[in-house]
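The structure appears right after this line, and notes come after that.
The values are calculated or read from the model by the stated rules, or taken from the named source; none is laboratory data. As the structure is a computational prediction, the values presented were derived from the model and not from experiment. Positions of Cβ are generated from backbone atoms using ideal geometry, with glycine treated the same way; all protein chains shown enter the neighbour counts.
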Amino acid sequence: MTNILRALLFTTLIMPSAAFASLYTFEYSGKLTDRVTPGFDFPERINGVLAFDMHAGIDTHPDPFSSHYSIREGYSDFVTGYIPTNSGINNDAVRFYNGFNAPGNSEPWWDAFDVYDSNIVDRLATGLFLIAYVKDLDWLSDDTGHPLFFSNYLAFEGTGMLTQYEYWIGADGDAYARDIASAYYDLDFARLSIVNISVTEPAAPILMMLGLLGALVRFRRR
């Protein structure tokens, strides 16, 4: 019986416990404004859903009132929904900005969320950048992010940008960029949601079995 208990205990230890992925989805739609690079054919409207898992991102510029997340080492993608496949260099980013509570902010209603789905292939960066906020409302209580239902508020503003630019590292080691084409959009709908998804099954049945076998062992020893 002792050998069985040891085997079950080892199995329990190597089994992953329940884990949850912080998966966000950002729904958006918007119309083209007149700020467009001439000579490029951009759609009159943009709409869709971007998704990102915060476990795949790391906060590269943390402070009490803003966070700027880039892809974490070891992950192949961070934001999905616009770039079909992120070959090349992943250039995704997510930012939460708690400007409403930031001391000294001259415009304290600028609580903002923005997301960038982009990659760089052969020095050409392509991406979709979106930003949304609600005026005069402190909807972000910290820099970790919460479900933000912009569609519940009439006084929200949002902007989108489709962009292409040349990106390269110069001989001096600095990064350089040259705009090729860009189009700007006013968002008429934006909603950020979060869904906690269990990515592994808990080991509760094994733990229950261990408890029963332990009780049986104690009973036999008596």
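For the reader, a short list of remarks on this structure follows.
- Residue in segment 48-66 that is under 13 Å from Phe96 (Cα atoms) and in contact with a Pro (Cβ under 9 Å, 6 or more places away or on another chain) present: yes
- Complete set of residues in segment 71-101 that are among the small types (Gly, Ala, Ser) and in contact with a strand residue (DSSP E or B) (Cβ under 8 Å, 6 or more places away or on another chain): Ser76, Gly81, Ser87, Gly88, Ala93, Gly99
- On the stretch given as segment 1-56, residues that are at pLDDT 90 or above and at positive phi total 1.
- Of all residues in segment 156-175, those satisfying the criterion of being under 22 Å from Phe40 (Cβ atoms) and either out of contact with any Leu (no Cβ under 7 Å at 6 or more places or on another chain) or not small (Gly, Ala, Ser) (or both) are Thr159, Met161, Leu162, Thr163, Gln164, Tyr165, Glu166, Tyr167, Trp168.
- Pair list, Cβ < 9 Å and 6+ apart or interchain, from segment 183-203 residues that are more than 30 Å from Glu44 (Cβ to Cβ) and assigned to a strand (DSSP E or B) to residues that are of a type in the set (Ser, Thr, Tyr) and at pLDDT 85 or above: Ile194/Tyr24; Ile194/Thr25; Val195/Tyr24; Val195/Thr25
- Qualifying residue in segment 134-143 (condition: modelled with pLDDT of 70 or more, closer than 22 Å to Asp77 by Cβ and of a type in the set (Asp, Glu)): no
- Residues of segment 93-103 that turn out to be within 28 Å of Trp168 (Cβ to Cβ) and either at pLDDT below 90 or out of contact with any Asp or Glu (no Cβ under 6 Å at 6 or more places or on another chain) (or both), as a count: 2
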